[in-house]
1. Among the residues of region 225-235, is there at least one that is without any contact (Cβ under 8 Å) to a residue 12 or more places away in the chain and on the phi > 0 side of the Ramachandran plot?
2. Which residues, taken from region 108-117, are aliphatic (A, V, I, L, M) and within 16 Å of the ligand (Cβ to nearest atom)?
3. Can you spot a residue in region 161-182 that is part of a loop (DSSP other than H, G, I, E, B), free of Cβ contacts under 8 Å to residues at least 12 places away in the same chain and not aliphatic (A, V, I, L, M)?
4. Taking only region 618-649 into account, find how many residues are under 15 Å from I683 (Cβ atoms) and either acidic (D, E) or assigned to a loop (DSSP other than H, G, I, E, B) (or both).
5. Name the single residue that is farthest from the chain's Cα centre (by Cα) among those in region 628-648 being buried (at least 19 other Cβ atoms within 10 Å of the Cβ) and under 18 Å from M317 (Cα atoms).
6. Could you identify the single residue in E645, E625 that is under 29 Å from D370 (Cα atoms) and of a type in the set (D, E)?
7. Listed residues L629, L607, L643; which is touching a Phe, Trp or Tyr at 6+ places or on another chain (Cβ under 9 Å), within 21 Å of Q513 (Cα to Cα) and not basic (K, R)?
Amino acid sequence: MRQKLLMAVFALLLFIPSGFAKEKREYFPKKDLTLVGAYYYPEHWDENQWERDLKKMSEMGFEFTHFGEFAWTQLEPEEGRYDFSWLDKAITLAAKYNLKVILCTSTATPPVWLTRAHPEILIKNENGTTVDHGARQHASFSSTFYRDYSKKMIAELGKRYGNDKRVMGWQLDNEPGVRQDYNKEALNRFRSFLKNKYDNTISALNKAWGTAFWSQVYTSFEQVTFPLPSNWGQNPHQLLDWKRFCAHESASFIDEQAEVLKKYVSPDQWITSNYIPDYTAGHFGQSQQLDFNTYTRYMVYGDPGIGELGFRIGDPMRIPFANDFTRPFDGVYGVMELQPGQVNWGTRNSMPYPGAVRLWLWSVFAGGSDLTCTYRFRQPLFGDEQFHHGIIGTDGVTPSRGGLEFQTFIQEIAQLRKEYNPKATLPTDYLERKTAILYTHENVWSLEKRKLNDSWSTENHIQKYYKALKSFGAPVDIIYEGKDFTQYPVLIAPAYEMVDDSLITAWTNYVKQGGHLILTVRSGLKDRMSQLYELPMAGKIAPLIGAAYDFHDFMPANESGHIEMEGQKYAWSIWGEGLIPEQGTEVWAKHVDQFYKGSPAITHRKLGKGTVTYVGIDSQDGKLEADVLKRIYAQNSTPVMNLPEGVWMEYRDGFGIAVNYSSKNYAFPLPAKATVLIGTQTIEPAGVLVWKNNGEK
Ligand code: GAL
């Protein structure tokens, strides 16, 4: 009887739709932890070398390869004549050596027969020049003809390989970007976008764009043009809509590609694209038809990093921020290109420090990723990427230093797979620290258009909070609006300039239910068209923060103002506000100099079961931001770590991973019952420590 009941329950479960997240997770079984692959270009090499190369790739431990993102010419040598014979052969060889294949749509590189017959598909610059064949990414996403043409090729690929078990997934385009195209067709599409948005009513556009200012009033959509960068004093509202349009052109082209593929491909094959983590362009993460997103990441190319080894190790926040931005969209994510060694396009292409390539691999893994692929297997002998390292050097057979580090990582993952325990939990203190940063690229557009202080950088402001969180050992999700805030004990909305009533209601409900909300400088001033509210400044958020906005001020670049919190002084110069707290609102910090000495600069209040903190200062070195956060976690009795700059840690799947991007050794405070699996407690520069979390704090 009991068995029958169990079987009935089981049968029922089989029929319950498994839900989106679960379907995505099924692409990458947890027990595999992560897959590692490498780009290979059959079209670059003598056919008689393909087998040798793919065999070598497999012997080094790679589990998948990646073909064809720039191969339109080879796939369709003449209009309508497709040639898949070479790709068939390459896929067969990959499968022979147990390498799964990622196939791509090669829309980043239209063939010359197409651009010569239809030059109107080429992107036009503001000055009227046109980009041309001979490089890549020269076709406009705003060309309807180009879109249609691409879709024909994509359908053929889908028909041919959509049910091929050797193909695990698809990458659409290559690093699809947001480009400004000044062609007539782009203008027509911009006008249609606006007509659609403003319900074909020009007065609505005039109102949203504030065209009464400077006599800009339009009487028809046909008069509207691009906000030309060379125009002095661009209309900020027009600029905002244009940026929305350009981002939409990229996101919608990728969606259209996915829709075509979905007609032909089996549900076992996933669809993604590989984004440069440009958080401000507005397209990354915004295509709705992708199963998940991947990003591309290069670490050593001329940036200083930190300490004397920093230029060889890379900026410690580059990978974790990209992880924490990409993962929250779908849960599943990966890195499609990870630097394998020296690159050729940086300002100074130094050698990565020994261990740095492996460090980056572990850094990607630490964020919870499901796959990492490297660009590329073999170093190219010709083309614009000469001197760009691969896993294998110019002779085609000798692994590079970075190649060997990939191999080490792959072996370490094999070791970790044996230790994987599906029942392992994450430490409670780690989970208690879970924090979200609320983000939208639209705020960045609005803020950067009118910085008010040319030293203002929205990115640097956000990074001050992010870095503090990483030094606490806090798991962070960077989220867009629409996510359930209640899963995060702490929610930070830095410089959130554009708000509306529904967002304020969502924030208020979050706090009333026990959330701890932190709003910072420049927040709540404008509506979603970047117009100031007809209220006292920041009047929209005053009831929520329990304080009114009094003023904002800036110091000259070489001078500082100071505030004091709990007996400590903090310097600021880029942005400082004064606040007028309501009764019941605590003052956490006050200005201690300038003519407004004594004015509150940071306030804190209780609301329902939670709290709202308003930080009216952008500090010089980020210490203030860290101390404000510490005070909030301390109030909640949430323990935080105190990791030095360059060291951060995460947990995933029962494993703890700590990495050291600094130039000094660091003795990591391991939890009491941790079992070290990889590395030593003292982590060297570019070193990694991996341990098994035994469930305790
Ligand atoms: C990436 C690009 C690759 C390759 C690589 C070189 O941005 O997607 O195709 O050009 O850079 O580092």
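The values are calculated or read from the model by the stated rules, or taken from the named source; none is laboratory data. These figures come from a predicted structure and were not determined experimentally. Don't worry about glycine lacking a Cβ; one is built from the backbone with ideal geometry, like all the others, and counts go over all protein chains shown.
1. The answer is no, given that none of the residues of region 225-235 is without any contact (Cβ under 8 Å) to a residue 12 or more places away in the chain and on the phi > 0 side of the Ramachandran plot.
2. Within region 108-117, just A108 meets the criteria.
3. no
4. Residues flagged as under 15 Å from I683 (Cβ atoms) and either acidic (D, E) or assigned to a loop (DSSP other than H, G, I, E, B) (or both) within region 618-649 amount to 5.
5. The qualifying residue farthest from the chain's Cα centre (by Cα) is L643.
6. So the residue among E645, E625 that is under 29 Å from D370 (Cα atoms) and of a type in the set (D, E) is E645.
7. Selected residue: L629, the only one of L629, L607, L643 that is touching a Phe, Trp or Tyr at 6+ places or on another chain (Cβ under 9 Å), within 21 Å of Q513 (Cα to Cα) and not basic (K, R).
Listed here are the residues, each with its yes/no results for (1) surrounded by 17 or more Cβ atoms within 10 Å (Cβ to Cβ); (2) closer than 24 Å to A281 by Cβ; (3) among the aromatic types (F, W, Y).
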residue: W214; (1), (2), (3): no, no, yes
residue: V224; (1), (2), (3): yes, yes, no
residue: F245; (1), (2), (3): yes, yes, yes
residue: A251; (1), (2), (3): yes, yes, no
residue: E256; (1), (2), (3): yes, yes, no
residue: V260; (1), (2), (3): yes, yes, no
residue: W270; (1), (2), (3): yes, yes, yes
